[in-house]
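The values are calculated or read from the model by the stated rules, or taken from the named source; none is laboratory data. On a predicted model such as this, the values are computed, not experimentally measured, just so you know. Virtual Cβ from ideal backbone geometry, glycine too; neighbours counted across all protein chains shown. Keep in mind that these areas ignore ligands, DNA and RNA; they rest on the heavy atoms of the full protein, side chains included. Shrake-Rupley method; radii C 1.70, N 1.55, O 1.52, S 1.80 Å.
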Amino acid sequence: MEAPAPALLASVSEPVAIRVLLIEDGARESLTDELSKQGFAIQTVVSLAGAPDAARDADVIVLHCDEAKKSSIDLLVKLRGLDLDIPVVLLTGEAAPTHECRALDKGAIDVILKSRGPEVLARRLKGVVKTIERADRPRSGGHMKCGKLLLCPDIRRACWKGVDVGLTLGEYKIVHLLASNAGRYVTYRAIYDRLTYEGFIAGSGADGYRGNVRSAIKRIRNRFQALDPTFDNIENYQGFGYCWNKPA
């Protein structure tokens with residue numbers, strides 16, 4: 001039997017390209033070529049209408065639009081309303097921290113300035129996908145129960161008293177982290193690392209990310225309280241972090 005050609009052996013060891021769905025809704029400059037050069041497998045659509053079908057094979061979505069004509073936040077809200085269980089990165093020209101906070105509050109897993117260039121975008125996309133791949137996966141393939149909370153890591157769903165809470169992907173990641181450490185406080189930094197990826201900086205100042213964590217926790221509490229007004233399972237240690245109450 002002849003030995004395989006060296007080129008074939010090399011191709012087997014090559015990493016699988018990250019699949020990016022690039023939504024360029026009215027964007028003046030396409031990023032398809034730039035991201036392809038960085039080793040990504042790119043599929044491009046020019047409006048949200050093509051997103052549901054194209055997203056089936058995507059690892060991450062990049063939302064890129066002409067912000068002089070359209071609101072990127074409005075497009076983000078509409079995109080998240082399509083109920084696609086895929087992380088969304090917003091590419092924006094708006095540098096204001098309030099804009100970034102709004103995007104994160106509306107479901108973006110990361111917000112990247114267009115001025116940072118394609119190399120920074122590529123590194124951040126790889127960081128997002130790496131985090132998603134390692135987070136929230138069941139250790140034994142089963143569900144996780146914590147009192148009235150049931151977590152289904154394989155589909156990233158959380159149920160309270162048997163009813164789906166309707167968490168976003170980012171919110172689910174936070175609940176999973178807190179419930180996995182029930183009875184112990186988890187720091188703001190650890191929560192934000194899980195929401196985005198390790199070391200990500202956002203907001204104003206070195207501790208600006210804490211405001212984003214507080215906003216995320218508030219949304220999570222509201223979702224649970226919409227199902228159960230008596231819900232009080234998340235406690236805060238001011239200046240340190242949050243804790244999911246351990247079941248009695």
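Going through Ser30, Ser36 one at a time, which residue ends up being out of contact with any helix residue (DSSP H, G or I) (no Cβ under 6 Å at 6 or more places or on another chain) and not in a helix (DSSP H, G or I)? First the steps, then the outcome.
Working: Ser36 fails: not in a helix (DSSP H, G or I).
Of the residues listed, the single one that is out of contact with any helix residue (DSSP H, G or I) (no Cβ under 6 Å at 6 or more places or on another chain) and not in a helix (DSSP H, G or I) is Ser30.
Could you list, in sequence order, the residues of region 85-99 that are loosely packed, with under 13 Cβ neighbours inside 10 Å and over 18 Å from Ser215 (Cβ atoms)? Break it down stepwise before answering.
Filtering region 85-99 down to residues loosely packed, with under 13 Cβ neighbours inside 10 Å leaves 85, 95-96, 98.
Result: Asp85, Ala95.
Since Ser140 meets every condition but one in (1) at pLDDT 85 or above; (2) open to solvent by 60 Å² or more (accessible area, probe 1.4 Å), which condition does it not meet?
Among (1) at pLDDT 85 or above; (2) open to solvent by 60 Å² or more (accessible area, probe 1.4 Å), Ser140 violates only (1).
Give the number of residues within region 82-134 that are of a type in the set (A, V, I, L, M), within 16 Å of the chain's Cα centre (by Cα) and at pLDDT below 85.
Of the residues in region 82-134, the ones of a type in the set (A, V, I, L, M) are 82, 84, 86, 88-91, 95-96, 103-104, 108-109, 111-113, 120-122, 125, 128-129, 132.
With the extra rule that they be within 16 Å of the chain's Cα centre (by Cα), the set shrinks to 82, 84, 86, 88-91, 103-104, 108-109, 111-112, 121-122, 125, 128-129, 132.
Filter once more, so that each one left must be at pLDDT below 85: 82, 84, 86, 128-129, 132.
Counting residues in region 82-134 that are of a type in the set (A, V, I, L, M), within 16 Å of the chain's Cα centre (by Cα) and at pLDDT below 85 gives 6.
Among (1) touching a residue at least 12 places away in the same chain (Cβ under 8 Å); (2) open to solvent by 20 Å² or more (accessible area, probe 1.4 Å), where does Leu121 come up short?
Of the numbered conditions (1) touching a residue at least 12 places away in the same chain (Cβ under 8 Å); (2) open to solvent by 20 Å² or more (accessible area, probe 1.4 Å), the odd one out for Leu121 is (2).
Of the numbered conditions (1) open to solvent by 10 Å² or more (accessible area, probe 1.4 Å); (2) touching a Cys at 6+ places or on another chain (Cβ under 7 Å), Gly107 satisfies every one except a single condition; which is it?
(2)
Does any residue of region 174-183 turn out to be open to solvent by 10 Å² or more (accessible area, probe 1.4 Å) and at pLDDT below 85? Reasoning before the result, please.
Taking region 174-183 and keeping what is open to solvent by 10 Å² or more (accessible area, probe 1.4 Å), we get 176-177, 180-183.
Subset that is at pLDDT below 85: none.
No.
If Leu151 satisfies all but one of (1) in contact with a helix residue (DSSP H, G or I) (Cβ under 8 Å, 6 or more places away or on another chain); (2) modelled with pLDDT of 90 or more; (3) open to solvent by 20 Å² or more (accessible area, probe 1.4 Å), what's the number of the condition it fails?
In the conditions (1) in contact with a helix residue (DSSP H, G or I) (Cβ under 8 Å, 6 or more places away or on another chain); (2) modelled with pLDDT of 90 or more; (3) open to solvent by 20 Å² or more (accessible area, probe 1.4 Å), Leu151 misses (3) alone.
Within the bounds of region 27-44, is there any residue that is farther than 22 Å from Val128 by Cα and touching a residue at least 24 places away in the same chain (Cβ under 8 Å)? It would help to see each step written out before you state the result.
Just the residues of region 27-44 that are farther than 22 Å from Val128 by Cα, to begin with: 27-29.
From what is left, the residues that are touching a residue at least 24 places away in the same chain (Cβ under 8 Å) are 27-28.
Looking through region 27-44, at least one residue is farther than 22 Å from Val128 by Cα and touching a residue at least 24 places away in the same chain (Cβ under 8 Å).
Quick one: in region 184-197, which of the residues that are of a type in the set (A, V, I, L, M) and part of a helix (DSSP H, G or I) is least open to solvent (accessible area, probe 1.4 Å)? Even if it seems obvious, please write down each step before you answer.
Pass one, region 184-197, residues of a type in the set (A, V, I, L, M): 186, 190-191, 195.
From what's left, part of a helix (DSSP H, G or I): 190-191, 195.
On the way: Ala190: 41, Ile191: 1, Leu195: 28 Å².
This residue is Ile191.
State whether the residues of region 157-170 include one that is open to solvent by 10 Å² or more (accessible area, probe 1.4 Å), at pLDDT below 90 and polar (S, T, N, Q).
Taking every residue of region 157-170 in turn, at least one turns out to be open to solvent by 10 Å² or more (accessible area, probe 1.4 Å), at pLDDT below 90 and polar (S, T, N, Q).
Within region 63-88, count every residue that is assigned to a strand (DSSP E or B) and within 24 Å of Arg221 (Cα to Cα).
Step one: list which residues in region 63-88 are assigned to a strand (DSSP E or B), which gives 63-65, 88.
Now narrow it down to the ones that are within 24 Å of Arg221 (Cα to Cα): 88.
Result for region 63-88: 1.
Quick one: Ala51 ticks every box in (1) in a helix (DSSP H, G or I); (2) over 24 Å from Gly166 (Cα atoms) except a single one, so which number is it?
(2)
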